[in-house]
């Protein structure tokens, strides 16, 4: 059975149909998915193939007692919590329930508020326990290339652990090239969905009709009674993670469809009347300020609120202190081994330049630099003269205050262009100007007397 919401799945075990129906109605109204079992035997059979967050069981039932069910859950289902309800309250019964492992003991009759308060307490304890038990596996971090000991990155990794423990949408923000996709993958591979698919949807530059077909899949007639059927990203992501890359680029119409998908947790293939439930975690990223886009009317506020319930801000490389040295050495070792050359080392002066450079292209720029150094240098030591000219001049120039604003501007522009391998469209996006403006500034620099 698919989990259609993020609050959790509960199992009510009680031989009274009236009690099961009452509890199911109350808890379903709060957003929980609620299952029912008439006794312990049926509950055990259901628990064999279904993951349940909380089991709410009666104490006295025909056959096997609720205490036996509590003991079974505590011994075999480490990811589930349990609470006891009973119409025969006693001190002895409460003590026995707690000793067996029940988190809560609720005597009948109880009010709606008492039930919900008890369930909330148990679910909060479960969430805290899960967060405490999840850590980013070092092998996962190494595989993904997540390297960093700075306080800023430790904060990010803690946020990744919390996001991996839940199912709510996650918004990953940060400048271009900071490694937002690595953080998204770390969330996926550190959580319970690690064995399921991680499906990336690039939200940039595609018309709505194409986006819809890619996302939802479609069925269409090809003539002579034949039908062409294509699976969409939503089907591929079932049980796993749907990663929306650069979500700010979605049209307003597609933002509306995405919001409805997150609200309803179901969809239809294009050309089909069948409704499909969904079961995946959504992770979106953006290097643009979505709050600012909301204020301008360019992004739906309700979608922003839904996505930003859990936000992870990835720091720029210049804000990560000595992490740049750790990353540089990591990539130097990795890329050198890939081409079978001895791993060179950085000179002390080169390390100072790496630490003091502004890195407008962030980790992407650093990777490009190390790739170039590995393939183009031959010695055992990498020194400052091996660095590209814009980087050398930028660092050397930081100590001088005799340059004009125009000189500093063009230097920054050239650094950004170099950081993205000469891609002027990407450079203009990082600089926050149009490609036309970028072209004019470069032309101005090449012909400084043109405006005289």
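The values are calculated or read from the model by the stated rules, or taken from the named source; none is laboratory data. Everything numeric here is computed off the predicted structure, so don't read it as measured data. Don't worry about glycine lacking a Cβ; one is built from the backbone with ideal geometry, like all the others, and counts go over all protein chains shown.
For the condition modelled with pLDDT of 85 or more and not assigned by TED's automatic domain parsing to the domain that holds residue 284, what is the one hit in 128, 115? Lay out the reasoning, then the answer.
Numbers: 128 fails: modelled with pLDDT of 85 or more.
Residue meeting the stated conditions: 115.
Looking at segment 369-389 only, could you name the residues that are part of a helix (DSSP H, G or I) and surrounded by fewer than 18 Cβ atoms within 10 Å (Cβ to Cβ)?
Going through segment 369-389, the residues part of a helix (DSSP H, G or I) turn out to be 369-376, 384-386, 389.
Listed by number, the residues that qualify are 371, 372, 375, 376, 384, 385, 389.
Just name the residue that is surrounded by the most Cβ atoms within 10 Å (Cβ to Cβ) out of those in segment 256-271 that are in contact with a helix residue (DSSP H, G or I) (Cβ under 9 Å, 6 or more places away or on another chain) and within 15 Å of residue 214 (Cα to Cα). Break it down into steps so the answer makes sense when it comes.
Of segment 256-271, the ones in contact with a helix residue (DSSP H, G or I) (Cβ under 9 Å, 6 or more places away or on another chain) are 256-259, 261-263, 267-270.
Filter once more, keeping what is within 15 Å of residue 214 (Cα to Cα): 257-258, 261, 267-270.
Working: 257: 18, 258: 24, 261: 17, 267: 21, 268: 12, 269: 21, 270: 16.
Going through the qualifying residues, I end up with 258.
Taking only pairs six or more apart or across chains, which ones have beta-carbon atoms under 6 Å, a first residue in segment 345-361 that is touching a residue at least 40 places away in the same chain (Cβ under 8 Å), and a second residue that is part of a helix (DSSP H, G or I) and buried (at least 18 other Cβ atoms within 10 Å of the Cβ)?
353/395; 356/395; 359/317; 359/365; 360/415; 360/416; 360/419; 361/419
Condition check ((1) surrounded by fewer than 17 Cβ atoms within 10 Å (Cβ to Cβ); (2) on the phi < 0 side of the Ramachandran plot; (3) at pLDDT below 85; (4) in the same structural domain as residue 159 (by TED's automatic domain parsing)) across all residues:
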{"site": "229", "(1), (2), (3), (4)": "yes, yes, yes, yes"}
{"site": "233", "(1), (2), (3), (4)": "no, yes, no, yes"}
{"site": "254", "(1), (2), (3), (4)": "no, yes, no, yes"}
{"site": "277", "(1), (2), (3), (4)": "yes, yes, no, yes"}
{"site": "290", "(1), (2), (3), (4)": "no, yes, no, yes"}
{"site": "298", "(1), (2), (3), (4)": "yes, yes, no, yes"}
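Considering 416, 395, which residue is touching a helix residue (DSSP H, G or I) at 6+ places or on another chain (Cβ under 6 Å), in a helix (DSSP H, G or I), surrounded by 13 or more Cβ atoms within 10 Å (Cβ to Cβ) and at pLDDT 75 or above? It would help to see each step written out before you state the result.
Details: 395 fails: at pLDDT 75 or above.
Only one candidate passes the filter, namely 416.
Go through segment 143-156 and give me each residue that's crowded, with 19+ Cβ neighbours inside 10 Å and within 30 Å of residue 279 (Cβ to Cβ).
146, 156, listed by residue number.
Would segment 301-316 turn up any residue that is within 23 Å of residue 190 (Cβ to Cβ), in contact (Cβ under 8 Å) with a residue 40 or more places away in the chain and over 16 Å from the mean Cα position of the chain (by Cα)? Give the derivation first.
Taking segment 301-316 first, the residues within 23 Å of residue 190 (Cβ to Cβ) are 306-315.
Adding the requirement that they be in contact (Cβ under 8 Å) with a residue 40 or more places away in the chain leaves 306-315.
Now restrict to residues that are over 16 Å from the mean Cα position of the chain (by Cα): none.
Checking segment 301-316: not a single residue is within 23 Å of residue 190 (Cβ to Cβ), in contact (Cβ under 8 Å) with a residue 40 or more places away in the chain and over 16 Å from the mean Cα position of the chain (by Cα).
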